[in-house]
Amino acid sequence: MKPSWLNKKIDLRACSRTKEILRSLRVETVCEQAMCPNIGECFGRGEATFLILGKHCTRACSFCNVRKEKPIGPDPGEPGRVAEAVKLFSLKHAVITSVTRDDLPDGGASLFADTVLSIRERSPGVKVEVLIPDFRLSPGAITLVVKSSPDIIAHNVETVPSLYEITRRGADYDRSLEVLRIVKSLSPKIRTKSGIMLGMGEREDEVYSVMRDLRSVFCDFLSIGQYLAPSRSHHPVKEYITPDKFKRYKEEGIEMGFAHIESGPYVRSSYMAASYLHGK
């Protein structure tokens, strides 16, 4: 049974108008694919995290609800449609993410770059954040995204290293840290960000170790949230983290040097995304 602090309800009526616009533009969101518990809140105020490069992932993380099937080819018209959605919603901060596309030579980096540039062209004042896969650590792919000059480049480590084998097969903890290090080395002015889910079986000392590792590669921002299993077939929830512990992680992280941290039961990597740049 979930604890009392995990009682958020989704207002389906608040989502309907946003969904209508998204479907008319043929634009996908990770909010829907990942069954995010904040979807009613975000859709209700006309916000969404856009999902590019299709709906099917080439990896099989045991915590994720995105479908693991053979993906279709990239759609060259997608960047323009996402940019149109950003304009229609009058967004001030747009977040773009994707499934992992190990089947593509550049992992989809060129479509990320095209999407950033399309948004800049149609909505010059919008802050743009991209949440990227690891691109199998291709320097060329990472450079493509960096050259498009988003305001934030995020890459989530998701969990502690000891849980990677059972929750993130195909991913590599050190590789993820290296992605963030390379981004910062290529463009120090771009803010970097990562995220971790708690309650998957990690120890407290492991969480602090991950936070220190992220700071060692000059990661600026961090999101810390509660893992909630999408179904019984996914990795089970091992623990419900208390709000007080989330608060303590945030305080310790700020002491470590993170510029901004969102930490709480319902925090997700793109939740309250605009607050990171404003330091609120």
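The values are calculated or read from the model by the stated rules, or taken from the named source; none is laboratory data. What you see is a predicted model; the values in this text were computed from it and never measured. Positions of Cβ are generated from backbone atoms using ideal geometry, with glycine treated the same way; all protein chains shown enter the neighbour counts.
State whether the residues of segment 65-84 include one that is surrounded by fewer than 17 Cβ atoms within 10 Å (Cβ to Cβ), modelled with pLDDT under 80 and small (Gly, Ala, Ser). No, that holds for no residue. The residue that is farthest from Ser24 (Cα to Cα), among those in segment 88-110 that are buried (at least 23 other Cβ atoms within 10 Å of the Cβ) and out of contact with any Ser or Thr (no Cβ under 7 Å at 6 or more places or on another chain), is Ala109. Only one of the numbered conditions (1) surrounded by 18 or more Cβ atoms within 10 Å (Cβ to Cβ); (2) closer than 23 Å to Pro74 by Cβ is violated by Pro161, and that is (2).
Any residue that is outside any helix (DSSP H, G or I) and surrounded by 20 or more Cβ atoms within 10 Å (Cβ to Cβ) - is there at least one of those in segment 112-122? No, that holds for no residue. Across segment 217-234, the number of residues qualifying as over 24 Å from Ala274 (Cα atoms) and either β-branched (Val, Ile, Thr) or over 18 Å from the mean Cα position of the chain (by Cα) (or both) comes to 4. Counting just the residues of segment 85-102 that are outside any loop (DSSP other than H, G, I, E, B) and farther than 29 Å from Ser176 by Cβ, which one comes out modelled with the lowest pLDDT? Filtering first and then ranking leaves Leu88. Screening Thr192 on (1) within 20 Å of Thr100 (Cβ to Cβ); (2) touching a Phe, Trp or Tyr at 6+ places or on another chain (Cβ under 8 Å); (3) modelled with pLDDT under 95; (4) not in a helix (DSSP H, G or I) shows it passes everything except condition (3).
Name every residue in segment 163-217 that is among the aliphatic types (A, V, I, L, M) and more than 22 Å from Ser148 (Cα to Cα), in order of residue number. Don't jump to the end; show me each part of the working.
Initial filter on segment 163-217 (among the aliphatic types (A, V, I, L, M)): 163, 166, 171, 177, 179-180, 182-183, 186, 190, 196-198, 200, 207, 210-211, 214, 217.
Those that are among the aliphatic types (A, V, I, L, M) and more than 22 Å from Ser148 (Cα to Cα): Leu163, Ile166, Ala171, Ile196, Met197, Leu198, Met200, Val207, Val210, Met211, Leu214.
Determine whether Gly140 is surrounded by fewer than 19 Cβ atoms within 10 Å (Cβ to Cβ), out of contact with any helix residue (DSSP H, G or I) (no Cβ under 9 Å at 6 or more places or on another chain) and closer than 16 Å to Gly107 by Cα. Answer is no for this residue.
Could you please give the count of residues in segment 60-84 that are in contact with a helix residue (DSSP H, G or I) (Cβ under 7 Å, 6 or more places away or on another chain), in a loop (DSSP other than H, G, I, E, B) and not hydroxyl-bearing (Ser, Thr, Tyr)? I'd like the intermediate steps shown before the answer.
Here is the first cut: in segment 60-84, the ones in contact with a helix residue (DSSP H, G or I) (Cβ under 7 Å, 6 or more places away or on another chain) are 61-63, 65-66, 74, 78-84.
Those still in the list that are in a loop (DSSP other than H, G, I, E, B) too: 61-63, 65-66, 74.
If we keep only those that are not hydroxyl-bearing (Ser, Thr, Tyr) as well, we get 61, 63, 65-66, 74.
Result for segment 60-84: 5.
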